[in-house]
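Presented below is the structure to which this report refers.
The values are calculated or read from the model by the stated rules, or taken from the named source; none is laboratory data. All of these numbers come straight from a predicted model, not from anything done at the bench. So basically every Cβ, Gly included, is an ideal-geometry build from the backbone, and we count neighbours across all protein chains shown. Calculation scope for accessible area: heavy atoms of the full protein, side chains included, ligands and nucleic acids excluded. Shrake-Rupley method; radii C 1.70, N 1.55, O 1.52, S 1.80 Å.
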Amino acid sequence: MSDFLAMFGVLLVAAAPLALSVFALLDAARRPAWAWSLAERPQAMWMAMILLGTFLSVLGVGLSLWYLLKVRPVISAVENGVIPPSRSESRPIDP
């Protein structure tokens, strides 16, 4: 029984990064293009990075977490009608 629990624990730990990346990829894919555009975020780039990250475990977890914690809330807010300030307006332009 302990061998089964150990194997199950290892499988769970090994599958967690893949599950996180797949969840982030599916979430990014289901968001409408207009929300990405209004949030000034490139949907195709994020989906490609997350997909590539699924094959590179540590990088994939990092990218997926960055998307889920930083990018997804902005896209979700846009879908709910909250338009963020333009990213280009928030940066000062040096002459």
Original post:
Conditions: (1) assigned to a helix (DSSP H, G or I); (2) open to solvent by 50 Å² or more (accessible area, probe 1.4 Å). F55 meets all but one. Number of the miss?
Top reply: (1)
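Residue by residue, here is whether (1) basic (K, R); (2) exposed (fewer than 10 other Cβ atoms within 10 Å of the Cβ); (3) at pLDDT 95 or above holds:
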| position | (1), (2), (3) |
| --- | --- |
| S37 | no, no, no |
| R41 | yes, no, no |
| A44 | no, no, yes |
| Y67 | no, no, yes |
| E79 | no, no, no |
| V82 | no, no, no |
| E89 | no, yes, no |
| D94 | no, yes, no |
Original post:
Cβ-Cβ below 7 Å, separation at least six or inter-chain, first residue in region 68-86 and under 28 Å from P17 (Cα atoms) and assigned to a helix (DSSP H, G or I), second open to solvent by 80 Å² or more (accessible area, probe 1.4 Å) and at pLDDT below 95: which pairs?
Top reply: V78/L38
**OP:** Looking at (1) within 15 Å of A16 (Cβ to Cβ); (2) over 11 Å from the mean Cα position of the chain (by Cα), find the lone condition where L65 falls short.
**Re:** (2)
